[in-house]
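Q: Quick one: structure below, then a few questions.
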């Protein structure tokens, strides 16, 4: 059986979930992303590389990979899709 609105409902639910996540995003995590964005721009993968360097050296408020992961940002390759969406959302809300 074909349900033409099924995909629309799933997509709408996804956007509600993303919006809800962004509302609950740790302010330090948002500032971390913006800090990296200001340092290198928004081009991917440059911003990803910058986030990895900043986290590796704890250049932003002493936050490293473990602290960022606890806040909801994993820089693992297996989580890139989620990381890309998170970065896009934060940057788009702050331009």
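The values are calculated or read from the model by the stated rules, or taken from the named source; none is laboratory data. Small disclaimer: the values here were computed from a predicted structure and weren't measured. Cβ placement follows ideal geometry from the backbone for every residue including glycine, while neighbour counts extend to all protein chains displayed.
Q: Which of the residues that make up the range 47-62 are under 22 Å from residue 81 (Cβ atoms) and touching a helix residue (DSSP H, G or I) at 6+ places or on another chain (Cβ under 8 Å)? Break it down stepwise before answering.
A: The initial filter retains those residues of the range 47-62 that are under 22 Å from residue 81 (Cβ atoms), namely 47-56.
Within the range 47-62, 47, 48, 49, 50, 51, 54, 55, 56 qualify.
Q: Considering only residues that are surrounded by 14 or more Cβ atoms within 10 Å (Cβ to Cβ) and free of Cβ contacts under 8 Å to residues at least 24 places away in the same chain, look in the range 60-81 and name the one that is nearest to residue 28 (Cα to Cα).
A: Only one residue fits best here, namely 67.
Q: Looking at (1) at pLDDT below 95; (2) outside any helix (DSSP H, G or I), can you tell me which one residue 61 breaks?
A: Unmet condition: (1).
Q: Can you confirm whether residue 43 is out of contact with any helix residue (DSSP H, G or I) (no Cβ under 7 Å at 6 or more places or on another chain), at pLDDT 55 or above and either farther than 16 Å from residue 94 by Cβ or not in a helix (DSSP H, G or I) (or both)?
A: Values: out of contact with any helix residue (DSSP H, G or I) (no Cβ under 7 Å at 6 or more places or on another chain): yes; at pLDDT 55 or above: yes; either farther than 16 Å from residue 94 by Cβ or not in a helix (DSSP H, G or I) (or both): yes.
In short, yes.
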